[in-house]
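The values are calculated or read from the model by the stated rules, or taken from the named source; none is laboratory data. Quick caveat, the model's predicted, so the values are computed rather than measured. Cβ placement follows ideal geometry from the backbone for every residue including glycine, while neighbour counts extend to all protein chains displayed. Keep in mind that these areas ignore ligands, DNA and RNA; they rest on the heavy atoms of the full protein, side chains included. Shrake-Rupley method; radii C 1.70, N 1.55, O 1.52, S 1.80 Å.
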Amino acid sequence: MQDLTVITNSALSQWIDEVQALCEPDQVHVCDGSDAEYERLCSTLVAAGTFIRLNEDKRPNSFLCRSDPGDVARLEHRTFVCTADRDDAGPTNYWADPASMRAELARLFKGSMRGRTMYVIPFSMGEPGSELAMIGVQITDSAYVAVSMKLMAHIGLPVLRALGASEFVRCLHSVGAPLAPGDRDVPWPCNAEHKYIVSFQDDGSIASFGSGYGGNALLGKKCLALRTASLKGRKEGWLAEHMLIMGVEDPAGKTTYVAAAFPSACGKTNFAMLLPPEDFDGWKVKTVGDDIAWIRPDADGTLLAINPETGFFGVAPGTNDKTNPNMIAAISRDTIFTNCALTPDGDVWWEGLTEEPPPALVDWRGLDWTPEASRPAAHPNARFTVSRARCPSMDPAADPAGVPISAFVFGGRLSHTFPLVFEARDWREGVYWAATLGSEATAAAENQAATRRDPFAMLPFCGYNMADYFAHWLSMGDRLVNAPAIFRVNWFRRDEGGAFLWPGFRQNMRVLKWIVQRTENTGGGQAAPIGLVPRYDDIDWRGLDYDGQTFEALMKVDPTELAQELQGHDAWLQSFGQRLPAELSVTRQALLDALAPAQN
Ligand code: OXD
Ligand code: MN
């Protein structure tokens, strides 16, 4: 048993004792967060068969790990927001009564760590000690979680020192697979029957049971930095958002910061690390974060944003030298890969990494695989976990004070109706377009593809009633001196034959440049019923042969189609009932009224 005297926070000591008594681990290890500890734990995982050490020449200090096939993704239907009043969780969250959920979890956690080590991981989202940071302590019986947390957050002794005697967020996690004496462990323990990811919004604690995977198990990420922090932000007047943050540096060296929200599968990480086209001499994108932004107004009414994470937990399939060269460089070493395929020479592979798949692989389940196989070699949600320090596009100036946000960008995957880009006329219309954000469930070419509403890309991450969240955003606008401009983008519009109209990826820089110019009042544009749109000549086309006619198709807003879209928003907005801020219905009606003449 480890000496626990490093813990001087008495509430923490007491909580550790309680969890130990409940979960009955064999031993307790308090993570100091050192590199030596990381290496030791990785070696333990190799010895346990959980990690495969990759070829040191090809992928130094990197590991592959295969999850249980039943534990491969976030589980939205097992994710609960517990509030005394169901309405405080709202219609978009799975709700459970806090007392019943506590009773159920006490039953499940009882003895759940038998035969295992209980890791105590003090972690800080945001620079430890900074006023903007939040400190949590995750107790877990997963060494995979412990090493992943080292990459994704500040952990260990510096966090304990910053914590002192203050309050912390209790984050309890167990894979829910106790071992009886003599039992042989499996490489990826989890619980096939019971999985829960729970935010108790009454006392701010978090509990997760049964899954070892990513967003279910790394509790600093979606649970603390979004569900818990969004509620805290509402109470304290700031925003915890599912957003990337990027700086766009112009040739004169001026950086404009943009925060952007996209639902899953819209290329958020690629956009955060965008490499401008070769002809864009002197333009640079600097990455601050790829997933989460905490955004606060300062005393002057400017919004300052930090990325509370220290690493990336990115989707591997589709990542390659063209889609994201910065990420390819980042993951060239010091990376944990999960559910990727293994090459015969001890490296990893996934669909889209190279045009031609290697002739033989071991797939994500550990089975031999050849290109003739009718199944993917890597799981579609295969991931890499890597420190942000490894990313060449990281912004060295993204200091703990945060960066000033000049524009918000919202985008979904939509094959029709929505143009490449438009600027909302004002904050309220911007909030409207974000509240009704949606993405097509598949990359379907058909115009009728179903849209899944994902307001602000926060659907599974908002820790309280989404209608109150809309109200919070609306009120934020009133408090800001210079509220950032709000844009909607759509990289995914298709022509009648189903082909994409926009090349995307690096070419998105052209849109970004227009956005930056709009924030500086130097970008041109024209009024349209949807907002302000660029004309062909307002976009910088250097180095890209893109004709005016295709641009017209890309930017076309058909009044009848848009009116149908707005009509379709009604049921969505009504689903929030009485708590929906009236401004949103008023905005919808005003947009519809403005379209009426164009439809005749
Ligand atoms: C993620 C997600 O894993 O948004 O970041 O699903
Ligand atoms: Mn995300």
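Which FRET efficiency value, to the nearest 0.05, do you get for Ser100 and Ala252 by plugging their Cβ-Cβ distance into 1/(1 + (r/R0)^6) with R0 = 41 Å? If you can, show how the numbers build up before the last one.
Details: r = 60 Å, r/R0 = 1.45.
After rounding to 0.05, the efficiency reads 0.10.
Could you provide, to the nearest whole Å², the per residue accessible area of the chain with probe 1.4 Å?
Working: 23080 Å² over 600 residues.
Dividing the accessible area of the chain by its residue count gives 38 Å².
Restricting to the chain, compute how many DSSP beta bridges are antiparallel as a %, nearest 5.
65 percent
May I ask you to evaluate 6.51 cos²θ - 1.76 cosθ + 1.60, the Karplus curve with θ = phi - 60°, for each residue of the stretch 237-247 and list the ³J(HN,Hα) values in order in whole Hz, giving x for glycine and proline?
x, 9, 10, 10, 10, 7, 9, 7, 10, 9, x
Rounded, prolate or oblate: which fits the stretch 311-390 when a ≥ b ≥ c are the square roots of the eigenvalues of the alpha-carbon gyration tensor, with rounded for a/c under 1.5 and prolate only if a/b beats b/c?
It is prolate, given that a/c is not under 1.5 and a/b is the larger ratio.
Can you give the helix-only mean residue ellipticity at 222 nm for the chain, where every DSSP H stretch with n ≥ 4 adds -39500 (n - 2.57) and the sum goes over all residues, rounded to the nearest 500 deg cm²/dmol?
-8000 deg cm²/dmol
Considering the dipole of the chain built from charges on the beta carbon (Lys and Arg +1, Asp and Glu -1) around the Cα centre, which of Phe168, Ala397, Phe487 is farthest to its positive end?
The one lying farthest along the dipole's positive direction is Phe168.
Residue separation times 0.36 nm, minus the C-alpha to C-alpha distance between Lys58 and Val481: what's the value?
That works out to 147.1 nm of additional length.
Given charges of +1 on the Cβ of Lys and Arg and -1 on the Cβ of Asp and Glu, with all other atoms neutral, how large is the dipole of the chain about its Cα centre, in debye to the nearest 20? The partial results should precede the final answer.
Working: 54 positive and 75 negative charges, 123 e Å.
With only Lys, Arg, Asp and Glu charged at Cβ, the dipole is about 600 debye.
Each residue of the stretch 291-306 in turn: what ³J(HN,Hα) in whole Hz from Karplus with 6.51, -1.76, 1.60 and θ = phi - 60°, glycine and Pro shown as x?
9, 9, 10, 10, 10, 10, x, 8, 4, 8, x, 8, 8, 10, 10, 10
Which residue, His194, Leu420, Gly253, has the largest displacement toward the positive end of the dipole of the chain when charges sit on each Cβ (Lys, Arg +1; Asp, Glu -1)?
In the chain, that residue is His194.
Gain in length, Ala360 to Gln564, computed as 0.36 nm per residue apart minus the alpha-carbon separation, to one decimal in nm?
Here the segment from Ala360 to Gln564 would lengthen by 68.5 nm.
Could you tell me the distance between the Cα centroids of the stretch 524-600 and the stretch 148-215, to the nearest Å?
Comparing the Cα centres of the stretch 524-600 and the stretch 148-215, I get a distance of 44 Å.
Nearest 20 debye, what's the magnitude of the dipole of the stretch 311-390 about its Cα centre given +1 on Lys and Arg Cβ and -1 on Asp and Glu Cβ?
460 debye
Percent of accessible area on the stretch 74-202 owned by carbon and sulfur, 1.4 Å probe?
Numbers: 2640 of 5150 Å².
Of the solvent-accessible surface of the stretch 74-202, carbon and sulfur hold 51 percent.
Roughly how much of Tyr119 is accessible, in Å² to the nearest 10, using a 1.4 Å probe?
Its heavy atoms expose roughly 20 Å² to the probe.
Considering the dipole of the chain built from charges on the beta carbon (Lys and Arg +1, Asp and Glu -1) around the Cα centre, which of Trp473, Asn521, Thr5 is farthest to its positive end?
Thr5
Given the Cα-Cα distance of Ala594 and His77 and 0.36 nm per residue of separation, how much length would full extension add, in nm? Write out the running numbers ahead of the final one.
Values: separation 517, 0.36 × 517 = 186.12 nm, distance 3.93 nm.
Going from the current span to full extension adds 182.2 nm.
Please list, in chain and number order, the residues 5+ apart from His29 or on another chain whose amide H is under 5 Å from its amide H, with Hs placed from the backbone.
Met118, Tyr119, Val120
Under the rule a/c < 1.5 gives rounded, and otherwise a/b versus b/c splits prolate from oblate, where does the stretch 448-514 land using the Cα gyration tensor?
Oblate.
Sort the following peptides by mean Cβ neighbour count (other Cβ atoms within 10 Å, averaged over residues), highest first: 16-26, 336-346.
336-346, 16-26
Please give, to one decimal in nm, the separation of the simple spin-label points placed at Tyr546 and Arg184, each 7 Å out from Cα toward the Cβ.
Simple spin-label model gives 5.7 nm for this pair.
Hey, what did the chain get for relative contact order, percent, Cα under 8 Å, at least 6 apart?
For the chain, the relative contact order is 14 percent.
Amide H of Ala407: which non-local residues (sequence gap of 5 or more, or other chain) have their own amide H closer than 5 Å, using H built in the peptide plane?
Under 5 Å from the amide H of Ala407 lie the amide H atoms of Ala259, each far enough along the sequence or on another chain.
Can you tell me which of 418-426, 207-215 comes out highest on packing, and rank the rest after it, using the mean Cβ neighbours within 10 Å? List each step's numbers first, then the result.
Values: 418-426: 22.3, 207-215: 25.9.
Top of the packing list down: 207-215, 418-426.
For the stretch 475-495 and the stretch 278-339, write down the distance between their C-alpha centroids in whole Å.
If we compute the Cα centre of each part, the gap is 20 Å.
Across the stretch 53-66, in residue order, what do the Karplus-derived ³J(HN,Hα) couplings come to in whole Hz, using 6.51 cos²θ - 1.76 cosθ + 1.60 with θ = phi - 60° and x for Gly and Pro?
The phi angles translate into 6, 7, 4, 4, 7, 8, 9, x, 6, 10, 9, 10, 9, 10 Hz.
Distance from the Cα centre of the stretch 345-387 to that of the stretch 57-72, in angstrom?
11 Å
Amide H neighbours of Gly289 under 5 Å, counting only residues 5+ apart in sequence or on other chains, H built in-plane at 1.01 Å?
Ile245
Is the C-alpha gyration tensor of the stretch 434-556 telling us rounded, prolate or oblate? Criteria: a/c under 1.5 is rounded; beyond that, a/b larger than b/c is prolate, otherwise oblate.
In terms of gyration-tensor shape, oblate.
Which percentage, to the nearest 5, of the DSSP beta bridges contained in the stretch 119-264 is antiparallel?
70 percent
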